[in-house]
Amino acid sequence: MQLKLDQHAPIYMQIIDEFKRQIARGDLRPGDRIPSQRELATMVQVNPNTVQRAYREMELMGITETLRGQGTFITSDPVRLAEIRREMAGRALVGFVREMHALGYGCEEMVAMVRGTWEQVVGAAGAGGGEPDGNRGV
Amino acid sequence: MATVVFENVTKRFGGLRALDGLSVTVREGTILGLLGPNGAGKSTMLKLMAGLYRPDQGRVTIDGEEPSPKTKAKVAYLPEIDYLYGWMTVQQILDYVSAFYKDWDPARSKELLDFMGLNPTARVRQLSKGMRARLKIVVAMSRSAPLILLDEPLSGIDPPSRSRVLQAIVSEFREDSQTVVMSTHDVVESENLFADVLFLKAGKVALMGDAEQLRAERGKSIRDLFEEVYA
């Protein structure tokens, strides 16, 4: 797992966000085992207590489940997973709309531009198979 | 685990006050980053904890006891200087050091040696600076000491070695039984390691706190705070 920490925000929150992002993108799937706390701490060179806090919060948020002696796993609860994906999309949207608004674009214009850009970026790649199974549905 | 308390500690070297009425409590189970420019008093604090210096005024205690031969058994100290004999091989160093400590863990030592990519038959004198720094960390972290003191373990070594040293600290640190105090002026690479940070300035505490809390409260990285404190 790669983690780019920006260090201006609490690190445990960034660890949680990274897991959420990977879940939303389908890089982590329901029931996948995630690294142990010590493995992750060593991998990203972060204080074990910080990782412990991130894992505890994820458990409380229902993102992960820990099975005694077996490790920590991504939840298989479809509702929870859909919520995470929606939350990440919401954040991306807020960032995008704020930035475009600051650049002086109105709503209709933005929507039209999104369509155009979709054709350029995804449309072309889509034909060649950007997403092999076409469905990362949670 | 160990709690360290500095109560109004002053340490002078000639006319210079290396520590000036310093009061600090290091909570047990933390990794404390001791930060500050050269001459701020970082090494002096570590040496007082290691029992190599005595305070001129005030008191330093480890679990209520002043540093003594008795507390030394609890403390693993990694000095900044090159203190390992150059004529020994890596393996000889480990055999030699292990004889001093009851809490030496041979299995962990072996594992760390492999992780660091150190050749047991190489002579210390022939090791690069980075490799010598790796060996020092193996020596310090192979003990199950409740208090681990690391004086500039990253100083002046190559990036891959720095990364290895940081990984070894994280993987060997036992948060339920150990306290680590590490000095560095290289905040950028090590700040994620610290649960607490202490900024020293001219022998006094300029700022101390929980690293995550400082980030949340101030919206700044420890590195940014470092630049603020020493501007």
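The values are calculated or read from the model by the stated rules, or taken from the named source; none is laboratory data. Remember, predicted model here, so these are calculated numbers, not experimental data. We place every Cβ from the backbone using ideal geometry, glycine too, and count neighbours over all the protein chains shown. The accessibility values were calculated without ligands, DNA or RNA, using every heavy atom of the protein model including side chains. Shrake-Rupley method; radii C 1.70, N 1.55, O 1.52, S 1.80 Å.
Taking the stated definitions as given, is A:Val79 in a helix (DSSP H, G or I) and open to solvent by 50 Å² or more (accessible area, probe 1.4 Å)? It is true that A:Val79 is in a helix (DSSP H, G or I) and open to solvent by 50 Å² or more (accessible area, probe 1.4 Å). Taking each residue of segment B:204-231 that is more than 10 Å from chain A (Cβ to nearest Cβ) and looking for partners that are open to solvent by less than 20 Å² (accessible area, probe 1.4 Å) and in a helix (DSSP H, G or I) with beta-carbon atoms closer than 6 Å, six or more apart or interchain, yields B:Phe226/B:Val187.
Residues to consider are B:Thr25, B:Thr44; find the one that is within 30 Å of A:Val46 (Cβ to Cβ), touching a strand residue (DSSP E or B) at 6+ places or on another chain (Cβ under 8 Å) and exposed (fewer than 14 other Cβ atoms within 10 Å of the Cβ).
Working: B:Thr44 fails: exposed (fewer than 14 other Cβ atoms within 10 Å of the Cβ).
Selected residue: B:Thr25, the only one of B:Thr25, B:Thr44 that is within 30 Å of A:Val46 (Cβ to Cβ), touching a strand residue (DSSP E or B) at 6+ places or on another chain (Cβ under 8 Å) and exposed (fewer than 14 other Cβ atoms within 10 Å of the Cβ).
Exactly one residue out of B:Ser155, B:Ser163, B:Ser183 is of a type in the set (S, T, N, Q), under 24 Å from B:Pro37 (Cα atoms) and open to solvent by less than 20 Å² (accessible area, probe 1.4 Å), and it is B:Ser183. Of the conditions (1) of a type outside the set (D, E, K, R); (2) within 14 Å of chain A (Cβ to nearest Cβ); (3) not in a strand (DSSP E or B), B:Ala145 fails just one. Which one is it? (2) is the only condition that B:Ala145 fails. The number of residues in segment B:111-138 that are open to solvent by 10 Å² or more (accessible area, probe 1.4 Å) and part of a helix (DSSP H, G or I) comes to 11. So, in segment A:1-50, of the ones that are at the interface with chain B (Cβ under 7 Å from one of its Cβ atoms) and in a loop (DSSP other than H, G, I, E, B), which residue ends up most open to solvent (accessible area, probe 1.4 Å)? Once the filter is applied, the top-ranked residue is A:His8.
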